[in-house]
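Following this message is one structure expressed as structure tokens.
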Amino acid sequence: GTYTVVLRATDAAGNTTETTPTIAVVAPAASPVVSRRARVVGSPIVATRLSCQAGVANATSSTVSWRRGTKVIATTATYRIRAADLGKRLVCVVSATGPGGSVTTTSVARTVPARCTVPSTRGMTVTAARTRLANYGCRSRVVRVAGSGVARTRVLGSAPVRGRSVPNGAIVTVRVRR
């Protein structure tokens, strides 16, 4: 805010001088603050895109970088997974700057599996099964079949079967009870 101050000075002879300067008090600039740690969003499948999301307040600018180990491999908000990433750990780093300073937040490392070991999906919903397969590095397609042993619209099984190892990005057929 702005303040007016009255200054009076009296010398030894008793003479008084007065002045009223206006003084502006400026609060220090706010530093950027991390409100949500950086995180990698998306499925670790070759040729798909991952995105980096973070919450940072009081920033005037920010940058994103992707790292494979210690090597910077991209400086964009999204990153397309390549064959070189198979079996490696990826992180995204968000650096933000504001008038009061800067801050950096780094995601938890996300491993891109070299192979998809087909997980158990029996009894799951289609959405849950597809998400689980994607997190293991498998693509999926759904077929509806007659069957028993699980509720209607639930997963009966997959082909290849649970425990089978296939290359990252291979298609796993999810058999769902009609």
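Each reported figure results from applying straightforward, stated rules to the coordinates on display, with no laboratory input. Model, not experiment: these values are computed from the prediction. We place every Cβ from the backbone using ideal geometry, glycine too, and count neighbours over all the protein chains shown.
Apply the a/c threshold of 1.5 to the C-alpha gyration tensor of region 16-87 and tell me whether it is rounded, prolate or oblate.
Verdict is prolate for region 16-87.
Additional query: Can you grab the distance from the C-alpha centre of region 4-56 to the C-alpha centre of region 84-103, Å, no decimals?
Cα centres, region 4-56 to region 84-103: 24 Å.
Rounded to the nearest 500 deg cm²/dmol, what is the calculated helix-only ellipticity per residue at 222 nm for the chain, with -39500 (n - 2.57) per DSSP H run of length n ≥ 4?
-1500 deg cm²/dmol
While we're looking at this one, here's another question. Roughly what angle does helix 126-135 make with the longest principal axis of the chain, taking Cα atoms, 0 to 90 degrees, to the nearest 10?
That works out to roughly 70 degrees.
Moving on. State the answer as a single residue: which of Gly149, Ala134, Val161 lies farthest towards the positive end of the charge dipole of region 109-178, with beta carbon charges of +1 for Lys and Arg and -1 for Asp and Glu, about the Cα centre.
Ranked along the dipole, the leading option is Gly149.
Turning to a different aspect of this structure: What list of ³J(HN,Hα) values in whole Hz, one per residue of region 98-103 in order, does the Karplus curve 6.51 cos²θ - 1.76 cosθ + 1.60 (θ = phi - 60°) give from phi, with Gly and Pro shown as x?
x, x, x, x, 9, 8
For the charge dipole of the chain, defined by +1 on Lys and Arg C-beta atoms and -1 on Asp and Glu C-beta atoms about the Cα centroid, which residue among Ala27, Ala109, Asn15 has the Cα displaced farthest towards the positive pole?
Working it through, the farthest residue towards the positive pole turns out to be Ala109.
So for the chain, averaging the separation of alpha carbon pairs under 8 Å that are six or more residues apart and normalising by length, what relative contact order in percent results? Write out the running numbers ahead of the final one.
Details: 437 pairs, mean separation 32.2, N = 178.
Result for the chain is 18 percent.
Right, something else. Can you list the HN-Hα couplings for region 42-47, worked out from phi with the Karplus curve (6.51, -1.76, 1.60; θ = phi - 60°), rounded to whole Hz and with x for Gly and Pro?
Listing the rounded values in order: x, 9, x, 10, 3, 6 Hz.
Please work out which option in [x] 75, 19, 14; [y] 44, 14, 12; [z] 62, 19, 10 gives semi-axes √(5λ) of the Cα gyration tensor in Å calculated from these coordinates, and answer with its label.
Only one option fits the structure, namely [z].
OK, next. Evaluate the charge dipole of the chain about its Cα centre and quote only its size in Debye, nearest 20, assuming +1 on the Cβ of each Lys and Arg and -1 on the Cβ of each Asp and Glu.
So the dipole magnitude of the chain works out to roughly 2320 debye.
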